[in-house]
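The values are calculated or read from the model by the stated rules, or taken from the named source; none is laboratory data. Since the structure is predicted, the reported quantities are computational estimates derived from the model, not experimental observations. Please note: Cβ atoms are built from the backbone with ideal geometry, for glycine as well, and neighbour counts cover all protein chains shown. SASA here: full protein model, heavy atoms, side chains in, ligands and nucleic acids out. Shrake-Rupley method; radii C 1.70, N 1.55, O 1.52, S 1.80 Å.
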Amino acid sequence: MTEQHFSAHARTRTGRSHQGVGHVDEHHDERFTVVGNHLAQHSELSLTAIGLAVHIHSLRSGTLVGIKALAGKFPEGETRIASALRELETHGYLARTKERLPSGRIVTRTISYNKPRTHPAPRPPKPHPEPTRTPTPPPAAPTSPPQPEPPAPARDVLAGLRTHDPRLHLGEQDVRRLAPAVATWLERGVAPDDVQRTLAAGMPKEGVRHPAAFLAHRLTALLPPPLRAARPGPPRPSPLQNCDDCDRAFRAPAPGRCRGCSVAHQALAAAA
């Protein structure tokens, strides 16, 4: 701010008191600043804030009054000066706003009031922290439906392979996976022992690294074709029977009379 010059009657006031402060007032013709008692005797401002306000009132317009600039002049330090500036803002003696220059640089514009504003500009509210969101648990991975229990005969064939060759030892999951293929062999008329002998025959000399994969290949490659249904043969003739009347041999499903005796018997029955 520019220097303020006020006309005042020159007077000298001396005061003596048995208690309290006394005054010796002298007239100032230059280099003086008028400060109201509302500031000098403010009951809610700290002495640091009052002194800082008086100093800022006395400066020319355009003088830098940032925290670092003031801390370079006085011994209070940046922390106390920053606190005093906030006090003056709160009570309306100071306003600080951010402005962007044409160059893009952001600067602080400070306005000093020799009388406090009745309604000081409201300070921007502190940002409210965002409510803590409970993280949504990720969707559970779909569980595969439980595999049906393999048929007991097919399970026994696979579990017993290790008795033919220890290298064909299978785990529970491998048995469940291979059991349907073994069941197909059994449905095509291959006996369980024959299935085991076929799968364990001719094992490689170098051994088997993956028994389950080895058996899966053999179950597919060596699968026998299904048995064809047997064609029906010619009907067999009825067995020989002896006639109850003439003792003649004839073919019939059950014992009784021959054809001739049956006709004669029917004729006699009709005549009677």
- Show the residue pairs that are 6+ apart or on different chains and have beta-carbon atoms under 6 Å apart, the first residue being within the stretch 199-224 and modelled with pLDDT of 85 or more and of a type in the set (D, E, K, R), the second being open to solvent by less than 30 Å² (accessible area, probe 1.4 Å) and part of a helix (DSSP H, G or I). Arg218/Leu199
- Message: Take Tyr113 and tell me if it is open to solvent by less than 80 Å² (accessible area, probe 1.4 Å), touching a Phe, Trp or Tyr at 6+ places or on another chain (Cβ under 8 Å), in contact (Cβ under 8 Å) with a residue 24 or more places away in the chain and not hydrophobic (A, V, I, L, M, F, W, C).
- Response: no
- Task: Determine whether Val190 is assigned to a loop (DSSP other than H, G, I, E, B) and within 20 Å of Ala152 (Cα to Cα).
- Result: yes
- Those residues of the stretch 246-263 that are assigned to a helix (DSSP H, G or I) and touching a residue at least 12 places away in the same chain (Cβ under 8 Å) come to a total of 2
- Restricting the stretch 226-269 to residues that are open to solvent by less than 100 Å² (accessible area, probe 1.4 Å) and within 60 Å of the chain's Cα centre (by Cα), the residue that is modelled with the lowest pLDDT: Ala229
- Every listed condition ((1) exposed (fewer than 10 other Cβ atoms within 10 Å of the Cβ); (2) at pLDDT 75 or above) holds for Asp174 save (1)
